[in-house]
Amino acid sequence: RRTVNKRAIEGLIRAGAFDAIEKNRAQLLASIGNAVELAEQLDATVHQAGLFDHATNGDGQCQGILQNVAPWPAKRTLQEEKQALGFYLSGHLFDDYRDEVLSFTKLPLAKISEGRDRLVAGIITAMRTQLTQRGKMLIVLLDDGSAQLEVSVYNELYESKRTLFKEDELLVIKGSIRQDNFSGGFRIIADNVMDLTLARIQFARHLKLSLQPNIPLDRLRSALNIDSRATPETAETVPIHAHLTLPNAQCELTLNQKARIALTDDNLQTLR
């Protein structure tokens, strides 16, 4: 531990340096104490072959070291990489949202251009505040894996939407893109900000389901959890359409007007 202390080992695990030994980084992180304790025992008894043989099997692999811990989800894995390295290494948090987000923002950050009423989206990787003549301003760094973009958010907008500004979370911005003479790139002045659920409400016309004949209808009905009180004017829901494929025919269905759904991640995952 004088050469590589516990904190350094934790950083190496978070960065994936031990993946060739064990891919479950959560398990490795939870087992550091056991590993260090055994290493110290072996170091203290290095000349006592009996104890050494007792601690390992014939292949030299230590037994009983790894605790039974579930692997991290992909998002947690990337967040831990960023904590260790300052950036995502094995993927990008934007990857899970890319196809859906680009259906309404149209362009990745690497291909944006100057203009008003532009839509951009990315993962918040850093935030800082800055004092200006108009008062306090939040500077948000967005990253979609293709490029990074600084977003200027004036205090009035920030205060009204402050719950949306969280590191490692997706943010959709509508605003004016301008050339940034200081950095040589672009900067966007935010007029409005949305998370993905709010963006879906604004830009989605309906939710379309692709249905096969053998679909379990009871499970579908339960997953939709249709609110009988919902009306077409319900602000945060959209109507549901379905494409039904039968052995000899296909048809498009529009469900009852009361069949509307909120486009939250939980609802969509349940339907998938």
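The values are calculated or read from the model by the stated rules, or taken from the named source; none is laboratory data. The shown structure was predicted, so the numbers you read here are calculated from the model rather than taken from an experiment. Glycine also receives a Cβ, built like all others from the backbone with ideal geometry; neighbour counts cover every protein chain displayed. The protein model used for the area step is the full one, side chains on, heavy atoms only, and it has no ligands, DNA or RNA in it. Shrake-Rupley method; radii C 1.70, N 1.55, O 1.52, S 1.80 Å.
Table for the structure above
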| read-out | value |
| --- | --- |
| Solvent exposure, largest accessible area first (probe 1.4 Å, DNA, RNA and ligands not counted), of K111, K208 | K111, K208 |
| Global geometry of the stretch 89-161, whether rounded, prolate or oblate, following the gyration tensor of its Cα atoms and the 1.5 cut on a/c | prolate |
| T132 - accessible surface, heavy atoms, 1.4 Å probe, Å² rounded to 10 | 50 |
| Calculated [θ] (222 nm, deg cm²/dmol) that DSSP helices of n ≥ 4 give over the chain, each run adding -39,500 (n - 2.57) | -8500 deg cm²/dmol |
| With all protein chains modelled, accessible area of Y158 [1.4 Å, Å²] | 50 |
| Nearest-10 value in Å² for the accessible area of M194, using the 1.4 Å probe | 10 |
| With at most 16 other Cβ atoms within 10 Å, longest stretch of the chain clear of loop GluC sites (Glu not before Pro) (DSSP) | 23-113 |
| Debye log10 I(q)/I(0) at q = 0.13, 0.15 Å⁻¹ for the stretch 123-176, Cα point scatterers | -0.29, -0.39 |
| Calculated from backbone phi, Karplus (6.51, -1.76, 1.60) coupling profile of the stretch 33-44 in Hz, x at Gly/Pro | x, 4, 5, 5, 4, 5, 4, 5, 5, 5, 5, 6 |
| Full-stretch length increase - N256, S183 - with 0.36 nm per residue and alpha-carbon distance subtracted | 21.0 nm |
| Cα-based shape type of the stretch 126-272, given that a ≥ b ≥ c are square roots of the gyration tensor eigenvalues and the cut on a/c is 1.5 | prolate |
| Reference-scaled alpha-carbon Rg (2.2 N^0.38 Å with N residues) for the chain | 1.39 |
| Candidates F182, F87, F104: whichever shows maximal mean-square fluctuation once the chain is modelled as a Gaussian network with Cα springs under 10 Å | F182 |
| Cα→Cβ-extended label distance, 7 Å offset, between A30 and R76, nm | 0.9 |
| log₁₀ of I(q)/I(0) at q = 0.14, 0.24 Å⁻¹ - the stretch 126-212, Debye sum with one point per alpha carbon | -0.55, -1.33 |
| Computed FRET value (nearest 0.05) for D117 with E156, which takes r as the C-beta separation and R₀ as 22 Å | 0.75 |
| The chain: most fluctuating residue of D218, D168, D195 per GNM, C-alpha cutoff 10 Å | D218 |
